[in-house]
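Below is one structure, written out as structure tokens, with a few remarks after it.
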């Protein structure tokens, strides 16, 4: 089968109405939205990734890890274990209304867990860097979640 036909079949299957209700079934029936993290197929790096994270994220490494750990603890963020590691990814097989509802439920969960505590208390460049690290952490998971938080916390923050 040529590549164009293969791609057409995948898109056709994805766009057809799904009769199943479980996330696993939806992802299996829509391979165009399936995801395999590169960590599972790529060889391990031959350098110290912890040092690289400290270089790129500076003092925010612990804050980023805190947010990520909150997300992998909740089914709202669709955690999946693959290759002994936990990965999170939104379920793009939901309707727009369902995704909007999930975004609000995720924000409420993070708020209840204290992810935004101190948001308005931290001042100066250190506070700005902390806020950006928090926002970036959730944006890596889902841009709509990051945008919603950005509007509330950055656009209207005085």
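Where a number appears in this text, it was derived from the coordinates with a stated rule and is not lab data. All values derive from a computational prediction rather than experimental measurement. Don't worry about glycine lacking a Cβ; one is built from the backbone with ideal geometry, like all the others, and counts go over all protein chains shown.
Worth pointing out:
- Projected label distance in nm at residue 117 and residue 105, using a 7 Å step from Cα toward the beta-carbon: 2.5
- Inverse of mean 1/r across different Cα pairs in segment 49-102, Kirkwood, Å: 13.1
- The ranking of 138, 151, 61 by Cβ neighbour count inside 10 Å, starting from the fewest, reads 151, 61, 138.
- Shown is the FRET efficiency for residue 95 and residue 10, computed with R0 = 30 Å from the Cβ-Cβ distance and rounded to the nearest 0.05: 0.90.
- Once both labels are positioned 7 Å from their Cα atoms along Cα-to-Cβ, the gap between residue 69 and residue 41 label points is 3.1 nm.
- Peptides 111-121, 97-107 ordered by packing proxy, namely the average of other Cβ atoms within 10 Å per residue, highest first: 97-107, 111-121.
- For segment 58-158, the C-alpha radius of gyration divided by 2.2 N^0.38 Å, with N the number of residues, is 1.09.
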